[in-house]
Amino acid sequence: MRHGDKIKNLGRKKAHRDALLSNLACQLIQYKRIVTTTAKAKALRVYVEPLITKGKENTTHQRRVVFSYLQDKEAIKELFGAVAEKVAGRPGGYTRIIKLGARVGDNAETAMIELVDFNDIYGKGKGEAKAVAKKTRRAGSTKKKTDAAPEKTEEATATETKKKAE
């Protein structure tokens, strides 16, 4: 029985699992989204989110701590540079896992794990949807029109005079 065993072993020994998660985390930081199995994506989320939190505080100590996990200078630069700027105001939840279905070769469940702040599609859609919802709630209360009719453009007045002449 595995009561209280919270580590996802992924069928590997500790050294192999640490190397796998380190490589996946480096790729996720560099490319902002990767496709892997669902089990690896869930294990990676637990591994990389504390590292991103450490990346928000750009000190020598935090860089050394994160480097002990990743061992990739380019990933460290990216994490403490572009990624830290984007996630500065977010209190957590830096990654999103989207299930993609079964892989053709071995029927393994695949998933895409991505950094939330780097996906423009979802971010823009939410902002527009919220703005529309706010406008529709206020539709019941109409403003009284106290101002006169807006000034007409020259083209509009020209077309109206032509219509009256006919």
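The values are calculated or read from the model by the stated rules, or taken from the named source; none is laboratory data. Keep in mind that what you see is a predicted model, and the values were worked out from it rather than measured. Virtual Cβ from ideal backbone geometry, glycine too; neighbours counted across all protein chains shown.
Key figures
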| read-out | value |
| --- | --- |
| Candidates GLU114, GLU74, GLU78 - the one that is in contact with a strand residue (DSSP E or B) (Cβ under 6 Å, 6 or more places away or on another chain) and modelled with pLDDT of 95 or more | GLU114 |
| Qualifying residues in the range 23-33 (those that are over 16 Å from the mean Cα position of the chain (by Cα) and buried (at least 19 other Cβ atoms within 10 Å of the Cβ)) - the one farthest from ALA88 (Cα to Cα) | LEU24 |
| Residues satisfying the stated conditions in the range 86-99, i.e. exposed (fewer than 12 other Cβ atoms within 10 Å of the Cβ) and on the phi < 0 side of the Ramachandran plot | ALA88, GLY89, PRO91, LYS99 |
| ARG2 vs. criteria in a loop (DSSP other than H, G, I, E, B), surrounded by fewer than 17 Cβ atoms within 10 Å (Cβ to Cβ) and basic (Lys, Arg) | yes |
| Failed item in (1) farther than 23 Å from LYS77 by Cα; (2) surrounded by 15 or more Cβ atoms within 10 Å (Cβ to Cβ); (3) free of Cβ contacts under 8 Å to residues at least 24 places away in the same chain, with THR36 passing the rest | (3) |
| Residues of the range 39-58 satisfying the condition of being surrounded by fewer than 18 Cβ atoms within 10 Å (Cβ to Cβ), of a type in the set (A, V, I, L, M) and more than 16 Å from LEU70 (Cβ to Cβ) | ALA39 |
| Any chance VAL66 is closer than 19 Å to ASN9 by Cα, surrounded by 14 or more Cβ atoms within 10 Å (Cβ to Cβ) and in contact with a helix residue (DSSP H, G or I) (Cβ under 6 Å, 6 or more places away or on another chain) | no |
| Failed item, numbered, when LYS8 is tested on (1) outside any loop (DSSP other than H, G, I, E, B); (2) surrounded by 15 or more Cβ atoms within 10 Å (Cβ to Cβ); (3) free of Cβ contacts under 8 Å to residues at least 40 places away in the same chain | (1) |
| Search result, residues across the range 56-110 that are among the aliphatic types (A, V, I, L, M) and touching a residue at least 24 places away in the same chain (Cβ under 8 Å) | LEU70, ALA75, LEU79, VAL83, ALA84, VAL87, ALA88, ILE97, LEU100, ALA108 |
